[in-house]
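The values are calculated or read from the model by the stated rules, or taken from the named source; none is laboratory data. If you're wondering where the values come from, they're calculated on a predicted model, not measured in any experiment. Glycine gets a Cβ as well: all are built from the backbone with ideal geometry, and neighbour counts include every protein chain shown.
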Amino acid sequence: MSLRPINHMCRPLTVLGLESSCDDTAAAVVEYIPGEIAQVRSSVVLGQQGLHVSHGGVVPEIAARAHAVRLDQATERALTEAGTSLQEIDAVAVTAGPGLIGGLLAGIAFAQGVSVGSGKPLLGINHLAGHALTARMTDLIEFPFPALLVSGGHCQFLAVLGPDRFLRLGGTIDDAPGEAFDKSARLMKLSFPGGPAVEEMAGMGDPDRFRFPRPLSGRQGCNLSFSGLKTAVGRSCENLRRDGALESRSIADLCAGFQRAVSDILAEKTATALEEFSDRIGRARDFAICGGVAANREIRSSLKAVCSERSIRFIAPDPALCTDNGAMIAWAGIERIHVGAKGDSDVRARPRWPLDSVSAPILGHGKRGPKS
Ligand code: KG4
Ligand code: ZN
């Protein structure tokens, strides 16, 4: 495949980024000065966990209403904390998809208002591109690079070729790992979102007591599967509950075994994805992880080991920039402006918006979850 990397970034820019595709209302101001690492001047994330906790998952209608109320507040705080104003920024970037339609519409309507009111151009951003490009914001790594995007609704290995050029090397054939964390947490009656809760419990548990499956292990390619793992956790929970043994020691061991399984699956398939990147694109210098699950410490350290064995630099953004935030949306806007975007005249909500529109969809993927 012939490639002309787009690495040239020559103009200083300050962009306001808005994110409301799931259950976080986020606004941030990011400044880029050529040759320097971008500066996240502010990043405000107003989470909605409290609103959804009793439902055990994100309720789209509740999320959309909360975004409509909070976008204003998040934006005002982001501008104040950055010590700037709408007059001083260069553009407004907003998540246009994929995600929950109500949240996307709330974000786009708000951003359109800000854009018209301030006279600044508006850019509709792909949320997944925001995640995938974060490593360029934090470490200014060069295109093309391999990346693993692991979040609540997505899991894919990507060759990131340019700000809007992505090649999917592989991905989940069923659940996303974040979904598996969330559903397993629910089975164990842990708090929502499940990832941080499972990670905390896993720190106190024995990863060897429960040996959970590693689906697709040893198979060719870098597709992944997590639904069997979640089912196995469910079965163990049921057995323990029946025996009256689902107490905190067992829950910690279940969490540790589950987290170890996810981390082993991701490590094995990362090794395969790196080989595939090298065959199809060229030798990788850097490998980036992104998305909410990339905040997990055990996963970070096992993928770091995979990279060090191959002398590849491992880039894992600060956990606050792995989970949903406005800075990644602002940065994706900066990237697009640098390759010539002037603003999008018609920003539409796109609940489904694959990063790689050329590769065939993976069978079974994308049917469930708030970000499917
Ligand atoms: O990227 P994100 O904030 O939203 C989506 O785009 O989906 O990812 C949210 C997901 C949730 O499933 C959450 O449980 C998971 O990321 N997550 C974690 C951790 N922090 C968040 N999973 C494992 N370990 C964590 N520390
Ligand atoms: Zn996300």
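Ile299 - would you say it is buried (at least 21 other Cβ atoms within 10 Å of the Cβ), touching a residue at least 24 places away in the same chain (Cβ under 8 Å) and not in a helix (DSSP H, G or I)?
For Ile299, the condition - buried (at least 21 other Cβ atoms within 10 Å of the Cβ), touching a residue at least 24 places away in the same chain (Cβ under 8 Å) and not in a helix (DSSP H, G or I) - is not met.
Does segment 162-185 include one or more residues that are assigned by TED's automatic domain parsing to the domain that holds Gln259, of a type in the set (Lys, Arg), more than 16 Å from ligand 2 (Cβ to nearest atom) and in contact with a helix residue (DSSP H, G or I) (Cβ under 7 Å, 6 or more places away or on another chain)?
Yes, because at least one residue in segment 162-185 is assigned by TED's automatic domain parsing to the domain that holds Gln259, of a type in the set (Lys, Arg), more than 16 Å from ligand 2 (Cβ to nearest atom) and in contact with a helix residue (DSSP H, G or I) (Cβ under 7 Å, 6 or more places away or on another chain).
From Arg352, Arg283, grab the single residue that is surrounded by fewer than 20 Cβ atoms within 10 Å (Cβ to Cβ) and within 15 Å of ligand 2 (Cβ to nearest atom).
Sole residue among the options that is surrounded by fewer than 20 Cβ atoms within 10 Å (Cβ to Cβ) and within 15 Å of ligand 2 (Cβ to nearest atom): Arg352.
Give me the residue from segment 79-99 that is small (Gly, Ala, Ser) and in contact with a Lys or Arg (Cβ under 9 Å, 6 or more places away or on another chain) and, out of that set, surrounded by the most Cβ atoms within 10 Å (Cβ to Cβ).
Within segment 79-99, the match that is surrounded by the most Cβ atoms within 10 Å (Cβ to Cβ) is Ala93.
Exactly one of these conditions fails for Gly228: (1) modelled with pLDDT of 95 or more; (2) farther than 30 Å from Ile334 by Cα; (3) away from ligand 2 (no atom under 16 Å from the Cβ). Give me its number.
(1)
Among (1) free of Cβ contacts under 8 Å to residues at least 40 places away in the same chain; (2) among the small types (Gly, Ala, Ser); (3) more than 30 Å from Lys189 (Cα to Cα), which single condition is Ser54 missing?
(3)
I'd like the residue in segment 24-50 that is under 19 Å from Gly178 (Cα atoms) and free of Cβ contacts under 8 Å to residues at least 40 places away in the same chain and, out of all such residues, is farthest from ligand 2 (Cβ to nearest atom).
Checked segment 24-50; the qualifying residue farthest from ligand 2 (Cβ to nearest atom) is Gly50.
I'm told Arg70 meets every condition in (1) buried (at least 18 other Cβ atoms within 10 Å of the Cβ); (2) within 14 Å of ligand 2 (Cβ to nearest atom); (3) closer than 19 Å to Cys22 by Cα except one. Can you identify the failing condition by its number?
Result: Arg70 passes all but (2).
Starting from segment 142-156, keep only residues that are closer than 12 Å to Phe287 by Cβ and assigned to a loop (DSSP other than H, G, I, E, B), then list their pairs with residues that are within 10 Å of ligand 2 (Cβ to nearest atom) and of a type in the set (Asp, Glu) whose Cβ atoms are within a distance under 6 Å, requiring at least 6 positions of separation or different chains.
Taking only residues 6 or more apart or on different chains, not a single pair turns up.
Would you mention how many residues in segment 314-349 are surrounded by fewer than 23 Cβ atoms within 10 Å (Cβ to Cβ), more than 16 Å from ligand 1 (Cβ to nearest atom), modelled with pLDDT of 95 or more and within 20 Å of Gln39 (Cβ to Cβ)?
Going through segment 314-349 one residue at a time, the tally reaches 2.
Can you name the residue in segment 186-223 that is over 21 Å from the mean Cα position of the chain (by Cα) and of a type in the set (Phe, Trp, Tyr) and is also surrounded by the most Cβ atoms within 10 Å (Cβ to Cβ) among such residues?
By that ranking, first place goes to Phe212.
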